[in-house]
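Below you'll find the structure, written out as structure tokens, and then a few comments.
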Amino acid sequence: MRICVYGGASTVIGEKYITATEDLGRKIAQRGHGMVFGAGANGLMGAVARGVNENGGEIIGVVPTFFNVDGALFDKCTQLIRTETMRERKQIMEDNADAFIMTPGGIGTFEEFFEILTLKQLGRHTKPIAIFSIDGYYDGIAEMMETAIRENFIREEIKNLYKVFEDINQMLDYLETCDRTEYSILDLKDIK
């Protein structure tokens, strides 16, 4: 299985995030999986790539050509794919992945997660999606989703499309065994 990992590229984040995400990368490779990601060398992108690389896992990096900055790209990718646009980058990452993990991040990470979740809600894929909530980082998103459900902006069933984890092994077990139920656009959207 090849897992797409989304995550922040900040160089000033806390060490607890780096340590946990490097461990995630190691465990991805130890379980025989590969990874596709945004090709960054810094932050959590770099951390997960280092972990996968330490254990000999496949790493596919996908990066737009305008990210041509020294030291910004992870230099040990098995394959590096260059794109012209961010939109093309996300499509290639999606096409090359069998599952998705969102690690802590910022606006770009949120956008990638919500796009892949929206596509699953619309029946465009059945791939499992996990949120790695290191030290409760994504408690706020879980609360926001509950508010949207309570206020009838999204259906309760949307929670079947992803799961939140703090434990890496439980998260990888979920990705490896997740039910790949197919949904149509009418199953999870209120359309009249």
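By the gyration tensor of its Cα atoms, with a ≥ b ≥ c the square roots of the eigenvalues, what is the shape of region 108-188: rounded for a/c under 1.5, prolate for a/b over b/c, or oblate? Present the calculation step by step, with values, prior to reporting the outcome.
Details: a/c = 1.74, a/b = 1.14, b/c = 1.53.
Since a/c reaches 1.5 but b/c is at least a/b, the shape of region 108-188 is classed as oblate.
Summed over qualifying helices (DSSP H, 4 residues or more, each -39500 (n - 2.57)) and divided by its residue number, the chain shows a 222 nm mean residue ellipticity of -12500 deg cm²/dmol.
Residue order for T103, T11, fewest other beta carbons within 10 angstrom first, comes to T11, T103. Give the angle, between 0 and 90 degrees and rounded to the nearest 10, that separates the Cα long axis of helix 168-177 from the longest principal axis of the Cα atoms of the chain. Value to nearest ten degrees: 60. Database remark: amide H of T83 closer than 5 angstrom to the amide H of V63, T65 (H placed geometrically; neighbours at sequence offset of 5 or more, or on other chains; Pro and chain starts carry no H). Scanning residues 5 or more positions from E58 or on other chains, those with amide H under 5 Å from its amide H are M35, with H placed 1.01 Å from N in the peptide plane.
Counted by neighbouring Cβ atoms within 10 Å, the residues M144, M93, M35, M1 run from fewest to most as M144, M1, M93, M35. At Q170 and T147, where each label point lies 7 Å from the Cα along Cα→Cβ, what is the point-to-point distance in nanometres? About 2.5 nm separates the two model spin labels.
Between T85 and E156, 0.36 nm times their residue separation minus their Cα-Cα distance comes to what?
Values: separation 71, 0.36 × 71 = 25.56 nm, distance 3.42 nm.
Using 0.36 nm per residue and subtracting the Cα-Cα distance, I get 22.1 nm.
Shown in residue order for region 57-70 are the 3J(HN,Hα) couplings computed by the Karplus curve 6.51 cos²θ - 1.76 cosθ + 1.60 at θ = phi - 60°: x, 5, 10, 9, x, 10, 9, x, 4, 6, 8, 9, 10, 4 Hz (x for Gly and Pro). Here the Karplus relation 6.51 cos²θ - 1.76 cosθ + 1.60, evaluated at θ = phi - 60°, turns the backbone of region 107-119 into coupling constants of 4, x, 5, 4, 4, 4, 4, 5, 5, 5, 5, 4, 4 Hz, with x for every Gly and Pro.
Using Cα atoms only, what is the angle between the long axis of helix 15-30 and the major principal axis of the chain, expressed in degrees (0 to 90) to the nearest 10? With both axes taken from Cα atoms, the answer is about 90 degrees.
Under the combined filter of DSSP loop state and at most 12 neighbouring Cβ atoms within 10 Å, region 87-192 retains these chymotrypsin sites (Phe, Trp or Tyr not before Pro): F153. How far is helix 43-54 tilted, in degrees, relative to the longest principal axis of the Cα atoms in the chain, given as a value from 0 to 90 rounded to the nearest 10? With both axes taken from Cα atoms, the answer is about 70 degrees. Here the simple spin-label model places points 7 Å from the Cα toward Cβ, and for V69 and T126 these points are separated by 4.1 nm.
The spacing between region 61-102 and region 133-148, judged by their C-alpha centroids, is 27 Å. Between V12 and I107, the simple label model (points 7 Å from Cα in the Cβ direction) yields a spacing of 1.6 nm. Per the Debye calculation on region 25-130 with a single equal scatterer at every Cα and no solvent contribution, log₁₀ I(q)/I(0) for q = 0.14, 0.15 Å⁻¹ amounts to -0.52, -0.60.
Convex hull volume of the C-alpha atoms in region 31-92, normalised per residue: 76 Å³. A dipole drawn for the chain from +1 and -1 charges on Cβ atoms has a positive end, and of T65, I134, I13 the residue lying farthest that way is T65.
Filter K76/K120; K27/K90; K76/K159 down to the pairs with a C-alpha to C-alpha distance above 27 Å, please.
On the way: K76/K120 31 Å; K27/K90 24 Å; K76/K159 36 Å.
Pairs exceeding the cut-off: K76/K120; K76/K159.
Here are a few candidate values for percent of Cα pairs over 21 Å apart: (i) 48; (ii) 56; (iii) 63. Which one was actually calculated from the structure I just gave you? Entry (i).
No value in this document is a laboratory result; all are computed from the given coordinates. Not measured: the values here are computed from a predicted model. Heads up, the Cβs are rebuilt from the backbone with ideal geometry, glycines too, and the neighbour counts pull from every protein chain shown.
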